[in-house]
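The values are calculated or read from the model by the stated rules, or taken from the named source; none is laboratory data. From a predicted model like this one, the values you see are computed outputs, not experimental measurements. Here the Cβ positions follow ideal geometry from the backbone for every residue, glycine too, while neighbour counts run over all protein chains shown. For accessibility, only protein heavy atoms count, side chains too; no ligands or nucleic acids. Shrake-Rupley method; radii C 1.70, N 1.55, O 1.52, S 1.80 Å.
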Protein chains: 2
Amino acid sequence: VNCRSDRTNICVAIREQQNAGYLPDGTTRLSREGAPLRHFMGCSTFAEATVMPEIALAKVSAEAPLEAACLFACGLSTGLGAAMFRAPVEPGATVVVLGAGMVGLGAVVGARLQGAGRIIAVDLSEERLELARHHGATDTWSGGADVVERVLEETGGFGADFTFEATGDVSVMRQAVEAARMGWGQACMIGVAGRGETLEIVPRYLITGRHVLGASFGGVRGREQVPKLVDRYLAGDIDVDSFISHRLPLDRVNEGFELMHRQDGIRSVITFP
Amino acid sequence: VNCRSDRTNICVAIREQQNAGYLPDGTTRLSREGAPLRHFMGCSTFAEATVMPEIALAKVSAEAPLEAACLFACGLSTGLGAAMFRAPVEPGATVVVLGAGMVGLGAVVGARLQGAGRIIAVDLSEERLELARHHGATDTWSGGADVVERVLEETGGFGADFTFEATGDVSVMRQAVEAARMGWGQACMIGVAGRGETLEIVPRYLITGRHVLGASFGGVRGREQVPKLVDRYLAGDIDVDSFISHRLPLDRVNEGFELMHRQDGIRSVITFP
């Protein structure tokens, strides 16, 4: 069971479109004391037993400890997938990752696995930036209004080959677009914005050759690709343990939510026997 | 010599970045009665003789009549290139082209040459829509606020595989994004917006899999690809003559500008002996 601050936001986005919270047949199979409960993200992982659509399942290596494997269920895979599948980073490329929470850190790892030449991670927290360095960031910057100027300065005025937005703030999304390279830069949105907010793009950035794209779950095909990502963890390519900041038993689950709201740590994992 | 309404706008955009109007070495080689004149788009085609950078030249087939070949210098190639090179339309795809001036009509032709299954052209002018049908549009709609809803209705709620924006109006650009297909739709901006205007994108459209991109000159590599496009005209694949609405001698060049401002016809070609 994996508490993830971005899951809630993503859920809102998906629910808008798919009326999630119910199984594909429109029913709910969960109840508490007779009252129907909806399935969070179609799963409801805090239940002891649950009915899930078969397509929601992926078979991962039995060798993978569940404490680590659970992180691949969303945030980590979202970041990895964005840099590996949705906007595949090219060897030697310059990459900027805006936001170094779970999703952004996943993108840092993905960029490293793809052979990026330079990975600039931007965040407000020095602790997160340290973690980004541990995972392969070559440069770490404290975020601010001058990010675009700094990226341009450091890239001969052109911008980065790939930028990844992992905060969900539309003004940071705009920075991701404007920091992407003239000619071929790709700006990939993986953070989830608040309802009603819009990303403003000066069309000239498009006309002069940038791509703007995005993904939910990093464009990862869950059933096929999550098991492969877990295998890379087992092969030692991804230090998943470093993302687990807290471990809590199920009866302290509400503490996990508090930690999440305080942005204390990257991930709290709920365990039960 | 080719009068094109979009050339002026594109020039503004390029000039902002490259300080165009001068040759790459920063000089001007044109003058009138001793006063220096700048090179329009690095060429200044209304001069009887001009110095141009070698990279600005493309060698086209000697068989191509100049009256038709000149249209490949910008607007027509911009539309063709967007649908053929920048966002290459796939065989059988559903395509929406917003705006049926020279650039949009070029995109209609490009989509047809790529084997699109359905090409929906949208414009306010019935005359232009008729021309769009002549060039391969399978559906022609009078533009309006309901374009996105209509595209969704006609595509099972999903949107078009490719959309091309060829008006330069940022609200139409937004329609192009929102009419692109969930999962993989590409929205390609080829119109040039006014200075200071921004395209507003609801990030959810990106998260759910759409690409937003753009191109100047349709992403066409002038020297290599313009000659090939001219060859397709000579092979009978592109009815260029149908785009030439007026032919004027050089001493009536100002009439050409008036026709352009009135949006009278698609292109006026200036001839001189």
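A:VAL226 meets the conditions (1) in contact with a helix residue (DSSP H, G or I) (Cβ under 9 Å, 6 or more places away or on another chain); (2) open to solvent by 20 Å² or more (accessible area, probe 1.4 Å) in every case but one. The failed one is (2). Summed over the range B:115-145, residues that are in a loop (DSSP other than H, G, I, E, B), surrounded by fewer than 20 Cβ atoms within 10 Å (Cβ to Cβ) and either among the aromatic types (Phe, Trp, Tyr) or touching a residue at least 24 places away in the same chain (Cβ under 8 Å) (or both) total 5.
A count restricted to the range A:234-262 and to residues that are exposed (fewer than 12 other Cβ atoms within 10 Å of the Cβ) and part of a loop (DSSP other than H, G, I, E, B) stands at 3.
Yes/no matrix, rows are residues, columns are (1) in contact (Cβ under 8 Å) with a residue 40 or more places away in the chain; (2) not hydroxyl-bearing (Ser, Thr, Tyr):
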residue: A:GLY219; (1), (2): yes, yes
residue: A:GLN225; (1), (2): yes, yes
residue: A:ARG232; (1), (2): yes, yes
residue: A:ASP241; (1), (2): yes, yes
residue: A:LEU250; (1), (2): yes, yes
residue: A:GLU255; (1), (2): no, yes
residue: A:GLU258; (1), (2): no, yes
residue: A:GLY265; (1), (2): no, yes
residue: A:THR271; (1), (2): yes, no
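Residues that are of a type outside the set (Val, Ile, Thr) and assigned to a loop (DSSP other than H, G, I, E, B) within the range B:29-52 comprise B:ARG29, B:GLU33, B:GLY34, B:ARG38, B:HIS39, B:CYS43, B:SER44, B:PHE46, B:ALA47, B:GLU48, B:ALA49, B:MET52, listed in sequence order.
Among the residues of the range A:167-202, those that are more than 11 Å from chain B (Cβ to nearest Cβ), open to solvent by 20 Å² or more (accessible area, probe 1.4 Å) and part of a loop (DSSP other than H, G, I, E, B) comprise A:THR167, A:ARG181. Examine the range B:149-156 for a residue that is open to solvent by 30 Å² or more (accessible area, probe 1.4 Å) and within 13 Å of chain A (Cβ to nearest Cβ), and state whether such a residue exists. Yes, there is a match, as at least one residue in the range B:149-156 is open to solvent by 30 Å² or more (accessible area, probe 1.4 Å) and within 13 Å of chain A (Cβ to nearest Cβ). Taking the criterion of being at pLDDT below 95 and hydrophobic (A, V, I, L, M, F, W, C), the only residue of the range B:125-157 that qualifies is B:ALA145.
Please find, within the range B:157-166, the residue that is nearest to the chain's Cα centre (by Cα) out of those that are at negative phi and either open to solvent by less than 50 Å² (accessible area, probe 1.4 Å) or at the interface with another protein chain (Cβ under 9 Å from one of its Cβ atoms) (or both).
Result: B:ALA166.
Screening A:GLU224 against (1) assigned to a strand (DSSP E or B); (2) more than 15 Å from the chain's Cα centre (by Cα) leaves a single unmet condition, (1).
Take the range B:98-114 and flag every residue that is part of a helix (DSSP H, G or I) and within 10 Å of the chain's Cα centre (by Cα). B:MET102, B:VAL103, B:GLY104, B:LEU105, B:GLY106, B:ALA107, listed by residue number.
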